[in-house]
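> Quick one: the structure is below, questions incoming.
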Amino acid sequence: MSFASVSAVCIAALTALTLGGPASAKSATPHPHAHQAEVALTIDDMPALMLDDTPSMTLRQRQAYIDDYMQRLTRGLVRHHVHAIGFVNAGKFEAGIASQQKRVLTRWLAAGLDLGNHTYSHETPETLGAKGYVQDIAHGETWLRPMMAHYGRSLTWFRHPYLKTGATAQTRATIENWLAKHGYRVAPVTMDADDWLFAECYDHALEHGDTALAAHIRHDYLQFARARITWFRQASQLLFHRDISYIFLMHATRLNADVLDAYLAMLKRQGLHTVSLERAMRDRAYRSPDRFLSAKGTDWLSRWAQTRGIDIPKDEPEAPADLERLYHRIDPDT
Ligand SMILES: [Zn+2]
């Protein structure tokens, strides 16, 4: 599975645009036959992930756009009692608006939500080398660790950008040893719905005032997430003969803020109730051997399957072709 490259600069302000409004929450009654399971929601690329190329917006407008949706996302998670964790790229802080970007994170902490380190620059072990990569992780905590201490929290969790953990055993060992020595735990991913792809198309639609396209994206995203959940649960059945406690990778986007109510209602209908990352990680599945070595990133169910020599279902749902095309047009670097 591919994980989109994420540009380091992520800021901004479309709040003036009139939208169709967030997708409305439907009944949250679980499907009578839905098996119950736990899921932790993890929000990457904090303080925000937004389409880079928004020519009609100034830097301050972009930040206003982000401030608006991140406040709504933060409040929505708290309102629904979702103990989410956000993973921070401190390299996204930019001269001139860094204080506003940091405020997104302090509001998040003040709301009782958790934060983890996602490296400083969102680079990979292959790009930086193992030593450069751990330096980048250390650089990523210079603001984060004291800020978390200020809120009475300790920095524990680390998420690998693109889920890339190293292509050689030596690289992996260097990184893992460094993380353990510095008190980190790695946050795996066992559910994912390519939300970055839908989200950047969504930013593009909003920038162009295309409310019909925005509504189409919200609808397709929820449908796709549901299909992906089914696929991950099938993979879990194959590997563990049960639902594990899942860890869902999401991103700090306008799309997730706008669909949050409907998204959480969809999870409930699937029989999934949200838990903290720490709670999900108590599942013994996360102690399964992972000997995955690759320059590519992938989720942990695929890693465990490969480690055990098992084939997981090949029919992993793919994002709609029209949105794939739009994504590659508006973000051609990826
Ligand atoms: Zn990321």
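> Would you mind telling me which numbered condition in (1) modelled with pLDDT under 95; (2) in contact with a His (Cβ under 8 Å, 6 or more places away or on another chain) Pro22 fails?
(2)
> Further, regarding this structure: Here are some residues: Ala199, Ala167, Ala212. Which one is in contact with a helix residue (DSSP H, G or I) (Cβ under 9 Å, 6 or more places away or on another chain), hydrophobic (A, V, I, L, M, F, W, C) and without any contact (Cβ under 8 Å) to a residue 24 or more places away in the chain?
None of the others qualify; the one that does is Ala212.
> Same structure, new question: Name the residue that is surrounded by the most Cβ atoms within 10 Å (Cβ to Cβ), counting only residues in segment 109-126 that are in a helix (DSSP H, G or I) and more than 16 Å from the ligand (Cβ to nearest atom). Spell out how you get there, then give the answer.
Residues of segment 109-126 that are in a helix (DSSP H, G or I), as a first pass: 109-110, 125-126.
Subsequent filtering for residues that are more than 16 Å from the ligand (Cβ to nearest atom) retains 109-110.
On the way: Leu109: 19, Ala110: 11.
Among those residues, the one meeting the criterion is Leu109.
> Determine the pairs where a residue that is touching a residue at least 12 places away in the same chain (Cβ under 8 Å), located within segment 87-98, has a partner that is more than 11 Å from the ligand (Cβ to nearest atom) and outside any loop (DSSP other than H, G, I, E, B) with Cβ atoms under 6 Å apart, the partner being 6 or more residues away or on another chain.
What qualifies is Phe87/Gly116; Val88/Leu115; Val88/Leu144; Ala90/Gly140; Phe93/Gln101; Ile97/Gln63.
> Let me ask something else about it. Among the candidates Arg159, Arg153, Arg145, single out the residue that is closer than 24 Å to Arg103 by Cβ, within 16 Å of the ligand (Cβ to nearest atom) and either at pLDDT 95 or above or surrounded by fewer than 21 Cβ atoms within 10 Å (Cβ to Cβ) (or both).
When all the criteria are applied, what remains is Arg159.
> Give the residues of segment 82-100 that are surrounded by 17 or more Cβ atoms within 10 Å (Cβ to Cβ), modelled with pLDDT of 95 or more and more than 16 Å from the ligand (Cβ to nearest atom), sorted by residue number.
Val82, His83, Gln100, listed by residue number.
> List every residue pair whose Cβ atoms sit under 8 Å apart, with the two residues 6 or more apart in sequence or on different chains, where the first one lies in segment 174-192 and is of a type in the set (D, E, K, R) and the second, anywhere, is not in a loop (DSSP other than H, G, I, E, B).
Glu176/Val186; Arg185/Trp157; Arg185/Phe158; Arg185/Leu179; Asp192/Arg228; Asp192/Phe232; Asp192/Phe248; Asp192/Leu249
> Restricted to segment 52-81, and to residues that are among the aliphatic types (A, V, I, L, M) and in contact (Cβ under 8 Å) with a residue 40 or more places away in the chain, which residue is surrounded by the fewest Cβ atoms within 10 Å (Cβ to Cβ)?
Leu59
> Then there is this: Go through (1) buried (at least 21 other Cβ atoms within 10 Å of the Cβ); (2) in contact with a Lys or Arg (Cβ under 7 Å, 6 or more places away or on another chain) and name the single condition Pro317 misses.
Evaluating Pro317 over (1) buried (at least 21 other Cβ atoms within 10 Å of the Cβ); (2) in contact with a Lys or Arg (Cβ under 7 Å, 6 or more places away or on another chain) leaves (1) as the failure.
> Shifting gears a bit: Any idea which of Gly183, Gly86 is closer than 23 Å to Asp283 by Cα, in contact with a strand residue (DSSP E or B) (Cβ under 8 Å, 6 or more places away or on another chain) and not in a helix (DSSP H, G or I)?
Answer to the check: Gly86.
The values are calculated or read from the model by the stated rules, or taken from the named source; none is laboratory data. Treat the numbers as computed from the prediction; the structure is a model and nothing was measured. Glycine gets a Cβ as well: all are built from the backbone with ideal geometry, and neighbour counts include every protein chain shown.
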